[in-house]
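Here is the structure we will look at.
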Amino acid sequence: MPVERARYKRLTRFGPADVTVAVLARPGADRSAQVLEALAAQTAAGFDTVVVGDPWEGFGAAANAARARTDRALLIYLAGDARPNRGLVEAHLEFHNATDGPARIGAGTASTRRGAGAAARWLVAEIERLGADLRHLSVPAALVDAAGGFDADLALGFTALDLALRSDTAVASVPSARIEVDAPSDWDGVFDALVPLAWAERQLAAKHSGYRPALADHLRADRRARRLADRFDAAWEAGRELEELRAYLGPDFRWHNLFTHGHGVEAELAAVGDEAALFRTSTAYLYDLTVFSMSGTKDPYLAEVRSVVAPGARVLDYGCGIGSDGLQLLQAGYDVSFADFDNPSTRYLRWRLEQRGHHAPVYDVDGDVPGGFDAAFSFDVIEHVPDPVAFLHELEKRARIVVVNLLEPAPGDTHLHHDLPVAELLAYVRTQRLRSHRVHHGRSHLVVYERA
């Protein structure tokens, strides 16, 4: 329900002593020391500054944390990589003091660092136009309070726009308040930045029935950016993975666990002290596998499965984890079975199958897993097992065609990855009926073969 604007009329006059500048120091995009240095040179003096960062729970939670740390009447939010111009605080004060009417949200302008290319400029302008995050805006504290705060569930972006929609508040430009920000150097980097925004906009559209998603349309309308449109659509669809995990975990879901998913698995391994026990008990893997599935890394692997067996074929997702690969094939019309340890991941998979209205067996690999499948596939699993050749034999027992990827070792790999003897495994596969061998992502050898 819209917040009554009359409640803000008394807050239309502000001075520097009424202002708190909140710097949201997001990990990986934090230049808060530079932000504070620039704030010290502002033309206005007497405002307060707070820095909110670790643990990073997302834009909404960070904005609420900043609100909780001040009793001042006007909040100015800045991203942790923003470098404000000298008149930024003064410009926001002038904006909010310019009218005795209803309170508004002031959106400052942004530009890229000097020397940035067209891709970076497009992204910064698009984020500014959409109000996709809390990169740079000002809002009366009373407006935030009356709306019940920012929505902490909107951790990835569109947090400010959600506040405006919930409070029926106008968002107006404050052109003389400017910041410089970091931005990717090419279009692939732009896509990487758009992926979490796709998931966030999907959340916003689900929450506000009257909101019409705009990012995809803007991509297709721009001749430079339309190259990203199909990939953006795929990222949007991948947002279903996040929606399901949040629904399954309910109040136990933590954004921080999602943002630090790799560290969570390593911490569980240190706690249990044994890989075999980890694979049978891990809950951190729910986050880790969700992020991995949403990344699109395995899209070319699934395309290979679809190229060798047609819809309707019986396929086995061996080492399925939370089942995201097999679920995609189920949706495409394949007869899919799943196999993995009886663990939190497969319990989540059974829930997902029920939620989606599918009926498919989920086998425990510690028990009996049947054979007779047209194809068995296993992606990013073999590097976790102690005997990779024996693992291939397990796949061969169960299907006519085997599809598996072999990861070359790389610096910085998780301790859970064993160094695979890729050359030896490829030599073995060539003694079978090798149908294809392609290298993806610079190190992942995807092979398709039949038993000799």
### Message
Could you check segment 1-22 and list, in sequence order, the residues that are modelled with pLDDT of 95 or more and buried (at least 16 other Cβ atoms within 10 Å of the Cβ)?
### Response
16, 18, 19, 20, 21, 22
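Residue-by-condition table, conditions (1) in contact with a Pro (Cβ under 8 Å, 6 or more places away or on another chain); (2) surrounded by fewer than 20 Cβ atoms within 10 Å (Cβ to Cβ):
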site	(1), (2)
239	no, no
256	yes, yes
270	no, yes
284	no, no
307	no, yes
317	no, no
329	no, no
338	yes, no
### Query
Could you list, in sequence order, the residues of segment 161-194 that are assigned to a helix (DSSP H, G or I), of a type outside the set (D, E, K, R) and touching a residue at least 60 places away in the same chain (Cβ under 8 Å)?
167, 187, 189, 190, 193, 194
#### Entry: Matching residues, segment 44-93, being part of a helix (DSSP H, G or I), at pLDDT 95 or above and of a type outside the set (Gly, Ala, Ser)
64, 67, 88, 89, 90, 92, 93
### Task
Considering (1) out of contact with any helix residue (DSSP H, G or I) (no Cβ under 7 Å at 6 or more places or on another chain); (2) under 26 Å from residue 310 (Cα atoms); (3) touching a residue at least 60 places away in the same chain (Cβ under 8 Å), say which one residue 363 fails and leave the rest.
(3)
### Task
Could you tell me which numbered condition residue 307 fails, if it satisfies all but one of (1) assigned to a helix (DSSP H, G or I); (2) without any contact (Cβ under 8 Å) to a residue 24 or more places away in the chain; (3) farther than 23 Å from residue 397 by Cα?
(3)
### Task
Could you look through segment 195-225, keep only residues that are of a type in the set (D, E, K, R) and either in contact (Cβ under 8 Å) with a residue 60 or more places away in the chain or surrounded by fewer than 20 Cβ atoms within 10 Å (Cβ to Cβ) (or both), and pick out the one that is nearest to residue 151 (Cα to Cα)?
207
### Contacts under 7 angstrom Cβ, first residue in segment 418-443 being in a strand (DSSP E or B), partner modelled with pLDDT under 95, 6 or more apart
433/452
### Task
Could you check, for segment 350-363, whether at least one of its residues is within 24 Å of residue 451 (Cα to Cα) and either surrounded by 15 or more Cβ atoms within 10 Å (Cβ to Cβ) or more than 28 Å from the chain's Cα centre (by Cα) (or both)?
yes
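The values are calculated or read from the model by the stated rules, or taken from the named source; none is laboratory data. As the structure is a prediction and not an experimental result, all values here were calculated from the model. So basically every Cβ, Gly included, is an ideal-geometry build from the backbone, and we count neighbours across all protein chains shown.
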